[in-house]
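Here, each number is a calculation from the coordinates, and none is a lab measurement. Here the structure is a predicted model, which means the values were calculated and not measured. Note that each Cβ is placed from the backbone with ideal geometry, even for glycine, and that neighbours are counted across all protein chains shown.
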Amino acid sequence: MKNDIEALYRDMLRIRRVEEAIADRYAAQEMRCPVHLSIGQEAVAVGVCAALEKKDGVFSSHRAHAHYLAKGGSLKAMLAEIYGKEEGCCKGVGGSMHMIDLEAGFLGAVPIVGATVPLAVGAAWAARLRGEDKVIAVFFGDGTFEEGAVFESINFAVLHRLPVLFVCENNLYACYTRLSTRQADRSIHGVAASCGCNTMSLDGNDVLAVYDAARSAVSDLRNGSTPYFIECATYRIREHCGPNIDDELGYRPKDEVEEWKAACPVARLQSRLDIQPRDRLADMEHAITQEIEEAFACALAGKTPNQTDLEGYLYG
Amino acid sequence: MKNDIEALYRDMLRIRRVEEAIADRYAAQEMRCPVHLSIGQEAVAVGVCAALEKKDGVFSSHRAHAHYLAKGGSLKAMLAEIYGKEEGCCKGVGGSMHMIDLEAGFLGAVPIVGATVPLAVGAAWAARLRGEDKVIAVFFGDGTFEEGAVFESINFAVLHRLPVLFVCENNLYACYTRLSTRQADRSIHGVAASCGCNTMSLDGNDVLAVYDAARSAVSDLRNGSTPYFIECATYRIREHCGPNIDDELGYRPKDEVEEWKAACPVARLQSRLDIQPRDRLADMEHAITQEIEEAFACALAGKTPNQTDLEGYLYG
Amino acid sequence: MVEIRQITQAEAIREALEQAMLEDERVMLIGEGVPDPKGIFGTTSGLQEKFGNSRVFDMPLAENGMTGICIGAAISGMRPVIVHQRIDFALLCMDQLVNNAAKWRYMFAGQVNVPLVVRVIVGRGWGQGPQHAQSLQAMFAHVPGLKVVMPSSGYDAKGMLIAAIRDNNPVIYIEHRWLHGISDDVPCEPYSVPLDKAVIRRSGRHATVVAFSFMVVEALLAAKALADLGIDVEVIDARSVRPLDMETIVESVKRTGALIVADTSWKTGGIAGEIVAGVSETAFGFLRHPPLRVALPDLPAPTSHHLTRDYYPDALCLARAIATHLGSDVTDADLVSRLFRTTPHDVPQREFRGPF
Amino acid sequence: MVEIRQITQAEAIREALEQAMLEDERVMLIGEGVPDPKGIFGTTSGLQEKFGNSRVFDMPLAENGMTGICIGAAISGMRPVIVHQRIDFALLCMDQLVNNAAKWRYMFAGQVNVPLVVRVIVGRGWGQGPQHAQSLQAMFAHVPGLKVVMPSSGYDAKGMLIAAIRDNNPVIYIEHRWLHGISDDVPCEPYSVPLDKAVIRRSGRHATVVAFSFMVVEALLAAKALADLGIDVEVIDARSVRPLDMETIVESVKRTGALIVADTSWKTGGIAGEIVAGVSETAFGFLRHPPLRVALPDLPAPTSHHLTRDYYPDALCLARAIATHLGSDVTDADLVSRLFRTTPHDVPQREFRGPF
Ligand SMILES: Cc1ncc(C[n+]2csc(CCOP(=O)(O)OP(=O)(O)O)c2C)c(N)n1
Ligand SMILES: Cc1ncc(C[n+]2csc(CCOP(=O)(O)OP(=O)(O)O)c2C)c(N)n1
Ligand SMILES: [Mg+2]
Ligand SMILES: [Mg+2]
């Protein structure tokens, strides 16, 4: 398990550093697309994806970077996409809100909230019908749980006992709107349970807890269990969309923000890390920085895509 | 209560006889629109509407006759509508699947399943915002509960504590499809409860049980309670759409059908009726028959509507 | 030798589904009522018995979610066919159809196909009314990434459904309820008909009538009556709505110099306007008459059969419009005597039974 | 005396909402993010503070349900305004908009009105891409029972929103994101602008350019450059999409003999085709040139700013198309020198900041 912890730490740190680098460079106005950063929420992505195998599939939505990277999506292709380049994972058609890496089992992310939840169920259904041993995980937010299509999807997944892992990242807000302004006083996983899901509710900033939960869920799913729904309490540190911290807007109580900052998933795991010699931590940071620098350089040097390519993408 | 029971019985019997009369005459092919009969389900409509006042509102859907009549909708206008006449409640635009009687507080029924559930919530919201003391009830089936918009509506109603009475008539089927083919092994009222509704689950063929439940729900709602959701177990005796009995198709187990036929809500209440002298029962039948004959005669004699009127209906 | 026999279009559709499922085990079929005793107007009868309940499914009443689920299956190696008994129900899944199905391949730069067929039924039974009788092809036809077809013959009903299922893109396959009961010649073998080609059903010199779906039936009746009276119109069955085969249409208009479009939907903003626009742009100099659209009035469908009489343009309306438009001196009595319906106006064939 | 000052269109919209709410206490406002710090691009800022949280609401992410809830409120004596930050989200509520809002009054033979306003935003920020930059006016414009408007000036943005709120019917009020930041003269007082009248923004003799929404801005730029070069085009701001004011358009075409339509959406099946069709039908003899549509290519919006450069037709494209179409011998260099943009192609004004 010692090595596992180190790997989890590394994956979280890498995602954190990637997103910080995006934020730092965003002001240059060369990434001309919205970015929804996951800073503060890395543990959910990393904990869940660590429990999946490569053959398993993942879907996500507007806030997809962490999920994409945690599942093994190519960093270079992601950055090139954000820069609108030919080398991007969607060759520039998609931008940050559209991520895909089929090779890595990252099956797609698009920004209509709720749009990928039924797709995940459909992918699991296809796996079942084709006799493939695959689990499909789908990440979505607390706000997304309000969409009727999510409710519809859960019913079908349970009805057909499909190997789906629903992962709800409850960060208490949808954009600037607090959960209590949008949802009745109810428990999200409680609703999922009433629909017949196996449910777990956990501290989403504790990557080990997430990993353990996901691992047991995935193993049950491989054995034909009903779908799992795990609700992870977490918090977004930066603004909903864009590179900045927007605490000055005051839509979130100050002490709530402070409390969650203190619960940073990366820092929390670091305190539990036992890496010897300590330089290895610095080496890890260094390797990550290098990888990121290189990926940005590639993205910046990438080719600009052509309008004429677009037509070929429409029909197959 | 004695008189109440008699009134409940009379209302159920009247609805039963109206629908039987429609069924009998349907073969003449003069009612040229679909009809979804409620024969077997009268207790839900009558029990709930008896607990409402005239000022309260009701919405329904494709299977609306019973709800419309129970709420006090005009029988003449309903039959004229089914015959496509000018005197119909929609002047012939709607047919059986579109019912309205504003005077009686029957606010509308349309055939897209789930379509009126949010409308009911909106009407309750408007009542609250306008300071009106009104409860809004909405009838829908077990199948309709699968629609995402219903889930969305319940959340909003609970969130804003609106005076809505959700009435789910669980007749085990949507058209020819059994509940277990469509829904996970879950309890419908259980899901509603997890969303924060007050819930009750009851024998929908026992009009007194329905009435009691609805009365206590309505009284709570008038006092500002969270929404109520009552699930009524009941059964449709005739085919989903049309005048016939379709037991020969075999989509429902024979003994299930027999069991429910034996649980006829009208017959059940009759056995508890203590009407003296017994002739009064015959008088009641007679009065109902007369009213129905007259309403059919009016409908048949009604004016045929004109294409030229239609344009005036579109914009106000 | 090709074996051919007369079957109804409902049977042709059923046969297409059956053969497509035999041919490719990835094909699956789902919809509210697919396995029920009525079998979607007979178009799915017996298929669950034949292919089992792991390929033929009923579904919850959850159009948007279920469409998304089918898209998910389609991008994961299956070829789902989903059916809605009324196109009106498809309004519930516009999000998944337009935002996801139409764009998934494009958004991801061609990496993933969405081989999905959405069968939707338009047209009328008795008294279906405002929410159950819309004909929304124009909404779908506007969306890049979708293909939209409206076959009118039994041959095409089968061949285009097979083609749609074999196609790697989302296809909205629109059936008209009044076509289901019509019998014509359909080969026994599986075959496919292109999804992007109009066909000339009747040649003529005086005008080009482009018709969609059931309006092809009406247009052919009208053309026959007009021919007796010396007006010789060409009837084009558009068949596909997206892409429109403007080439065939423009070609014809260049020969006839006149264009009439007959659609099953509302006039304003409908697909008839798109054809008129396309022809006006590209064959401007060839038009000797202004183009004309014969379509529904801009009103939702009423229910009363008294009100549907003048709502739906039939062969007689169409013939009148054409004759007037071409400035012919044919009398109305001539047309009425030829096109008088002996069946009630609200049934397609005498055997048709309400309410559906 | 009418007091007038320059404000942005976002402010004009905010003011219309504020004044409509002051004028009629039944007016209420709801939408995802309505009371949030960004206030829907500033169009709702301060309104909850002013009118309290029993008239100005945030809402769950539940577009279809919430639209139905607003319809329910509208038929029960309220006058809700619901906002979607992207028209793409409205695809989730097509069912409630098309099946219920558009038809409720009609289905019940005029007994109940649906005074609902649906504000939807089209157009582009940076990299919004396939699911966040559609311009779906044609889908709504096809539906009898809806009214659809697309104001382009600050004056109309305010006046048409007030008119829409006062109207007893469901009105789809379409705002273009790139218009929000443009300042122009707007009276302080509440006033209304008809929902069914186009307006001639610039008179001209050589051609009629009918434009929608932000394309009016581009068309006026193009017209100015062309005027310098001796081509004198009339620019009509269509303003309403349903009903279309075909009278004003046809009148103009009868004078100029040429029609160019500039739309913000895909060409095929779009509203530009409807105008071309209508004009071809009714002013056929007056057209000296074939009609022309300038619209988006039939492709979903790409995200990369490299790819949006040639995707959105701008004033230069439009001027080129017009000049070529009219057979003028103006050189491209002439046009380029006059219409060269100094701002990047993916921002409307220099002050515009992504990502939205
Ligand atoms: C159908 C739809 N409605 C609204 C939006 C606008 N929108 C984008 S992200 C978002 C909030 C989503 O909240 P949540 O699901 O909690 O995810 P989070 O952003 O907190 O990660 C909203 C409302 C959208 N993209 N799609
Ligand atoms: C959105 C939509 N989908 C499908 C239908 C077709 N349909 C009409 S009634 C019905 C079954 C409804 O079942 P349930 O809600 O249980 O009501 P019941 O008929 O049993 O009273 C269906 C599927 C419809 N009218 N609307
Ligand atoms: Mg959230
Ligand atoms: Mg039922």
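Quick check: convex hull of the Cα atoms in the stretch C:199-338, volume per residue, rounded to a whole Å³? Please list the in-between numbers first.
Working: hull volume 14.1 nm³, N = 140.
Output value, Cα hull per residue: 101 Å³.
Counting only helical runs of four or more DSSP H residues, what would the 222 nm mean residue ellipticity of the protein assembly as shown come to if each run contributes -39,500 (n - 2.57) and the total is spread over all its residues?
-12000 deg cm²/dmol
Taking a ≥ b ≥ c as the square roots of the eigenvalues of the Cα gyration tensor of the stretch B:38-162, is the shape rounded (a/c under 1.5), prolate (a/b larger than b/c) or oblate?
Cα axes put the stretch B:38-162 in the prolate bin.
Whole angstrom only: what separates the Cα centroid of the stretch A:1-31 from the Cα centroid of the stretch D:43-77?
Their Cα centres are 39 Å away from one another.
Tell me, for the rotation carrying B onto A, which chain B residue has the beta-carbon closest to the axis and what that distance is in whole Å.
Closest Cβ to the B-to-A rotation axis, residue and whole-Å distance: B:148, 1.
For a test of the definition: using alpha carbon positions, the gyration tensor, and the 1.5 limit on a/c, classify chain B as rounded, prolate or oblate. Walk me through the numbers before you get to the answer.
Working: a/c = 1.32, a/b = 1.13, b/c = 1.17.
It is rounded, given that a/c, with a ≥ b ≥ c, falls under 1.5.
Quick one: with label points 7 Å out along Cα→Cβ, list the inter-copy distances for residue A:285 in nm, shortest first?
With the label placed 7 Å along Cα→Cβ, residue A:285 yields 9.3 nm.
Could you pull out the pairs from B:254/C:50; A:85/C:197; D:197/D:267 whose alpha carbons sit more than 32 Å apart here?
Working: B:254/C:50 25 Å; A:85/C:197 37 Å; D:197/D:267 23 Å.
Table pairs above 32 Å Cα-Cα are A:85/C:197.
Quote the charge dipole size of the stretch D:199-338 about the Cα centre in Debye, to the nearest 20; the model charges only the Cβ of Lys and Arg (+1) and of Asp and Glu (-1).
Numbers: 14 positive and 17 negative charges, 25 e Å.
Around 120 debye, computed over the stretch D:199-338.
Once you've got the GNM for chain B with C-alpha springs shorter than 10 Å, pick whichever of B:128, B:280, B:25 has the biggest mean-square fluctuation.
B:280
To the nearest Å, what is the center-to-center distance of the stretch D:101-148 and the stretch D:1-37, using C-alpha atoms only?
20 Å
By what distance, in whole Å, do the Cα atoms of the stretch C:72-159 stretch along each of the three principal axes, largest value first?
45, 29, 22
Using a label position 7 Å from Cα in the Cα→Cβ direction, what is the ascending list of nm distances from residue C:284 to the same site in the other copies?
Reported distances to equivalent positions: 1.6 nm.
Hey, fewest Cβ within 10 Å first, where do A:175, A:33, B:89 land in order?
Numbers: A:175 19, A:33 25, B:89 28.
By the 10 Å Cβ count, ascending, the order reads A:175, A:33, B:89.
At a 10 Å Cβ-Cβ cut-off, how would you order C:41, A:151, D:284, fewest neighbours first?
Result, fewest neighbours first: D:284, C:41, A:151.
Taking the Cα centre of chain D as origin, work out the dipole magnitude from +1 charges on Lys and Arg Cβ and -1 charges on Asp and Glu Cβ, in debye rounded to 20. All intermediate terms of the calculation are to be shown ahead of the outcome.
On the way: 34 positive and 40 negative charges, 53 e Å.
Using Cβ point charges on Lys, Arg, Asp and Glu, chain D gives about 260 debye.
Cut-off is 10 Å between beta-carbons; in what order do B:166, D:340, C:57 appear when sorted fewest neighbours first? Walk me through the numbers on the way to the answer.
Numbers: B:166 27, D:340 8, C:57 19.
Fewest-to-most ranking of B:166, D:340, C:57: D:340, C:57, B:166.
Can you tell me the dipole magnitude for the stretch C:4-187 around its Cα centre, using point charges on the Cβ only (Lys, Arg +1; Asp, Glu -1), in Debye to the nearest 20? Numbers along the way, then the final one.
Details: 16 positive and 18 negative charges, 57 e Å.
That gives a dipole near 280 debye.
What residues have an amide H closer than 5 Å to that of residue C:210, excluding those fewer than 5 places away on the same chain, when H is modeled at 1.01 Å from N in the peptide plane?
When sequence neighbours closer than 5 places are left aside, the close amide H contacts are C:236, C:260, C:261, C:262.
If each label sits 7 angstrom from Cα along the C-beta direction, how far apart, in nm, is residue D:337 from its counterparts in the other copies?
7.3
Evaluate 2.2 N^0.38 Å with N set to the residue count of the stretch C:13-53, then give the Cα radius of gyration divided by it. Could the numbers behind the result be given before it?
On the way: Rg = 9.3 Å, N = 41, 2.2 N^0.38 = 9.0 Å.
Cα-based Rg divided by the globular estimate yields 1.04.
From the alpha carbon gyration tensor of chain D, can you work out the equivalent ellipsoid semi-axes (sqrt of 5 times each eigenvalue) and give them in Å, largest to smallest? Provide the component values of the computation, followed by the final result.
Details: eigenvalues 227, 101, 73 Å².
So the equivalent ellipsoid measures 34, 22, 19 Å along its semi-axes.
Between rounded, prolate and oblate, where does the stretch D:4-187 land on the alpha carbon gyration tensor, with a ≥ b ≥ c its root eigenvalues, rounded for a/c under 1.5, else prolate if a/b exceeds b/c? Before the final figure, lay out the partial values.
Values: a/c = 1.45, a/b = 1.22, b/c = 1.19.
Here the stretch D:4-187 falls in the rounded category.
Calculate one ³J(HN,Hα) per residue across the stretch B:177-192 by plugging θ = phi - 60° into the Karplus curve 6.51 cos²θ - 1.76 cosθ + 1.60, and present them in order as whole Hz with x for glycine and proline.
9, 6, 3, 5, 7, 10, 10, 4, 6, 9, 9, 4, 5, x, 5, 4
Rounded to the nearest Å, what's the spacing between the alpha carbon centres of the stretch B:168-242 and the stretch C:240-302? Just the number, please.
Going from one Cα centre to the other spans 51 Å.
For D:283-292, what's the mean count of beta carbons from other chains sitting within 10 Å of each residue's beta carbon? Walk me through the numbers on the way to the answer.
Values: counts 1, 7, 1, 0, 4, 1, 1, 8, 5, 2.
Across D:283-292, the average partner-chain Cβ count within 10 Å equals 3.
Given all pairs of different Cα atoms, what value in angstroms does the Kirkwood hydrodynamic radius of the stretch B:110-169 take?
Evaluated over the stretch B:110-169, this radius sits at 11.4 Å.
Any idea what the relative contact order of chain A is, in percent, if you count C-alpha pairs under 8 Å spaced at least 6 apart? Kindly include the intermediate steps, with their values, before the conclusion.
Working: 594 pairs, mean separation 73.3, N = 316.
It rounds to 23 percent for chain A.
Given the options A:181, A:226, A:304, which has the most mean-square fluctuation in a GNM of chain A, springs set between C-alpha atoms less than 10 angstrom apart?
Of A:181, A:226, A:304, the Gaussian network model singles out A:181 as fluctuating most.
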